[in-house]
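Let me begin by presenting the structure, written as structure tokens, before commenting on it.
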Amino acid sequence: MQQIRPRLEEGWLTWLLLWGMIIISAAAIIAADLIDGLHILPMAATLALLAGTLLAKSRFSSNTAHFLSLVYGLFVIFLLIGSILPGELIWRERVFDIVSRQAAWLGKAFNGGTSRDRLIFVIHTAAIYWLLGYTAAWFTFRKPRVWRAVIPTGVVLLSVVYYYIGPKPLPLYLAAYIVLSLLFIARTHLAEQERDWKATAVRYEKGIWLTFVRAGFLVGLVVLIVAWSLPTMAASSTVNDALSGTRGPWHAFQDDWTRLFSALRSYGSDTTDPYQDSLVLSGPRSVGSAPIMDVYVPRELPYIYWQAVVYDTYEDGRWEIANGETNLHFPDDGFLNTPETFAREVITQTIVTYLPNSSFLYAAPEVVGTSKQMYVDSRQDEEGNELITSLRSRYLLRQGDRYKVASRISNADVFSLRNASTIYPDWALDSYLQLPDSISSETLALADELTAALDTPYDKAIAVRDWLRNNITYNDQIPAPPEDVDPVHYTLFVSQEGYCNYYASAMAVMLRSQGIPARVVSGYAQGDFDDETTSYRVRASNAHTWTEVYFPQYGWIQFEPTAAIPVVVRRETIGGPNDSAQENVPIPDGDLPVLDSELDDSERLAELLAEEEGAAPVGEETAVNPLPTWQIVGALMVVVLAGGTLLIANSLNRRVETDVDRSYGRLSSWGRWLGIFFRPTQTPYERADMMATAVPEGKASIRNLTRQFVLKQFSPSRATEPDFEPQIEWRQLRPLLYRRAIVSRVERWQKRLSGIRSD
């Protein structure tokens, strides 16, 4: 320990502020409750800061200190991680367990696998906080670089706060960090100034540190107040264009993160999804025209929908989701286990979302797999297949995020649907023929009348669809139906107007009354297609609800009863007169495209989700992108910090320049910047002459400042001349000194460069 300097020149307040910053960052991660075991972070950070301080103050070389930090860090991390492993393991087994888990994680990282090991995130986060603690101490006490101590920990904290969607008030941790960091910056700046003042024998008030700390605290409060009061920034296509070149790598990083740390908890309580678990037939709606998403596809498709949620049960004017179960599905798990259906084509979509916090994975029906970890809400049929009602991303999607989906869209022609079997599976009969007692006899009679002369479910569905389109007026500003009247009856026989929710509900109810399984689905209509980017721009105004009818072997088929939306045009037969839109589209005779039979499901899904020719490349979407909160806060911090620094500098200048002794000390300090080195034996006037030779334009001010110093130090009255104003002299002299100092430095660099070239 004799190599350690016992005195902390920068002051213990500097160390405590640094410790507080790192502990606040660690506490935010613990509060986010991402995974169990993160309680070791404060200990890892504190030990790292202590070790970093000791090594920074030691006489070890930089390389030696860094090596020792690595050794200490490995020991501490193994010790802390081992302490949270099962107690029955001996320490040798614990170390082996940690190493083997890390090796397995690395294998999955390089081979594209998904890691579900909870301990890995704790290991890596502990290692990060050791590195943060050590580097913060190093760049504070060995090689002062204040921003290298502040920014890394701040970035870690900001990433947690920005991406966390949950019940904890994490922005408060960021607010506390900003205040402490500004105090830390002010304190380290003062410590640097104190070293300079001591080196030049400048006298200063020992309590000046309190003024600096108070100023830093006030600046921090101003930053927080201004940032907190700013409105949320709207989506900006200009920002998107500027960032489009970097979006690809960032999205790749996000995908790898969720793949390699899939054990983290997720929260979904604070979403901006327009759809919920129920659909109420209520009054007017207002949807606006804000962009919701862009959907990139290989080519323009026949009329398509982007599904969000399926509703099964109708009661008291409200559609509900049937009770089921929710399972977590990973991309590595391969295809979703959906019922086999025919006459479908697999289409991949790349979706860029513009909702701030979205959970639904929107896609064309029927989804077979996605690039995201997702919660699958479903029930099971008799064969154990999943009857999916909705797909939700495990981690909330932020504005500008993207994901890929593979869907099997129906290519069934009219002939096939008209001749489909009417032997329905039990799950379809049990769930999709349900009707409440509130359905009026007039509604049932109308359904009988429209379908009486028809033989097939397809023709009956078309008859009901066309009647609704021809007899119900589209109006999305209707008043809510009376409470004592079923909304479907009210729409059909009283108001005879409504919007998509009413059209779809009426069609589903009337078909169910005829023994035809039907359901209501909500999501978005296709939007506007852009030929150049082969993408659909979907806006809030495209929010839509439609009807799906079940056909054995062919699955759920979409029908459009809403008068304001185009109908889905199907070919009469394969190669028939209405198939021009899909003239060369193959219709698989099975449920999935033919792929390499030697690949497993996860590899086949990965192949489907790979980039397709014609789809928008990563980073070239014509998307809109938000201006992130951290950019606003960061810009404000820079502006306010610059203003605060200027105020502090002016205050210090005033104190120094109005004091004759300090003013002369500053004049002497400028000599070093001018390349002048004074000897201890030189008198003040001799020094003044040397400086006046270097800066002849400032000769009068230099000699006057020196004269006043001499009068105060050596005259009988020990006072300056009555009309002396040092700040006036400095106002004239300071620009001259700055200019000459820059010229002097440039000249010295030129001499060095010429010397190197001559060698």
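Quick check: anything in segment 573-589 assigned to a strand (DSSP E or B) and either modelled with pLDDT of 50 or more or not hydrophobic (A, V, I, L, M, F, W, C) (or both)? Full working, then the answer.
The first filter runs over segment 573-589 and keeps only residues assigned to a strand (DSSP E or B), leaving none.
No, because not a single residue in segment 573-589 is assigned to a strand (DSSP E or B) and either modelled with pLDDT of 50 or more or not hydrophobic (A, V, I, L, M, F, W, C) (or both).
Tell me, which helices (runs of 4 or more DSSP H) wholly within segment 11-121 include 1 or more residues that are in contact (Cβ under 8 Å) with a residue 40 or more places away in the chain and among the charged types (D, E, K, R)?
On the way: elements: 12-32, 41-57, 62-83, 91-111.
Result: 41-57, 91-111.
Table: residues versus (1) farther than 17 Å from residue 136 by Cβ; (2) of a type in the set (A, V, I, L, M); (3) in contact with an Asp or Glu (Cβ under 6 Å, 6 or more places away or on another chain).
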{"site": "19", "(1), (2), (3)": "no, no, no"}
{"site": "22", "(1), (2), (3)": "no, yes, no"}
{"site": "28", "(1), (2), (3)": "no, yes, no"}
{"site": "43", "(1), (2), (3)": "no, yes, no"}
{"site": "48", "(1), (2), (3)": "no, yes, no"}
{"site": "51", "(1), (2), (3)": "no, yes, no"}
{"site": "67", "(1), (2), (3)": "yes, no, no"}
{"site": "72", "(1), (2), (3)": "no, no, no"}
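Quick test for you: out of 26, 109, 31, pick the one residue that is of a type in the set (A, V, I, L, M, F, W, C), under 30 Å from residue 372 (Cα atoms), surrounded by fewer than 17 Cβ atoms within 10 Å (Cβ to Cβ) and outside the structural domain of residue 332 (by TED's automatic domain parsing).
On the way: 26 fails: surrounded by fewer than 17 Cβ atoms within 10 Å (Cβ to Cβ); 31 fails: surrounded by fewer than 17 Cβ atoms within 10 Å (Cβ to Cβ).
Step by step, each of 26, 109, 31 is checked, and only 109 is of a type in the set (A, V, I, L, M, F, W, C), under 30 Å from residue 372 (Cα atoms), surrounded by fewer than 17 Cβ atoms within 10 Å (Cβ to Cβ) and outside the structural domain of residue 332 (by TED's automatic domain parsing).
What helices (runs of 4 or more DSSP H) lie completely within segment 419-520 and have 2 or more residues being of a type in the set (Lys, Arg) and farther than 30 Å from residue 382 by Cα?
Values: elements: 426-431, 441-451, 457-471, 500-513.
Counting at least 2 such residues, we get 457-471.
Working only within segment 400-415, note down all residues that are outside any strand (DSSP E or B) and either crowded, with 22+ Cβ neighbours inside 10 Å or acidic (Asp, Glu) (or both). Don't jump to the end; show me each part of the working.
Pass one, segment 400-415, residues outside any strand (DSSP E or B): 400-401, 411-415.
Listed by number, the residues that qualify are 400, 401, 412, 413.
Hey, does segment 307-316 have a residue that's within 30 Å of residue 573 (Cβ to Cβ) and surrounded by 21 or more Cβ atoms within 10 Å (Cβ to Cβ)? Step through it out loud before you land on a result.
Within segment 307-316, the subset within 30 Å of residue 573 (Cβ to Cβ) is 307, 310.
Adding the requirement that they be surrounded by 21 or more Cβ atoms within 10 Å (Cβ to Cβ) leaves 307, 310.
Yes, some residue in segment 307-316 is within 30 Å of residue 573 (Cβ to Cβ) and surrounded by 21 or more Cβ atoms within 10 Å (Cβ to Cβ).
If residue 33 satisfies every condition in (1) at pLDDT 90 or above; (2) within 23 Å of residue 156 (Cα to Cα) but one, which is the exception?
Every condition holds for residue 33 apart from (1).
If you take the residues in segment 318-333 that are closer than 22 Å to residue 521 by Cα and not in a strand (DSSP E or B), which one is modelled with the highest pLDDT?
The residue in question is 321.
Could you list all residues from segment 522-546 that are in contact with a helix residue (DSSP H, G or I) (Cβ under 6 Å, 6 or more places away or on another chain) and more than 22 Å from residue 389 (Cα to Cα)?
527
When residues of segment 334-383 are filtered for being over 26 Å from the mean Cα position of the chain (by Cα) and either aliphatic (A, V, I, L, M) or not in a loop (DSSP other than H, G, I, E, B) (or both), how many remain?
Final tally of qualifying residues: 10.
The values are calculated or read from the model by the stated rules, or taken from the named source; none is laboratory data. Owing to the predicted nature of the structure, the values given are computational and were not obtained by experimental measurement. We place every Cβ from the backbone using ideal geometry, glycine too, and count neighbours over all the protein chains shown.
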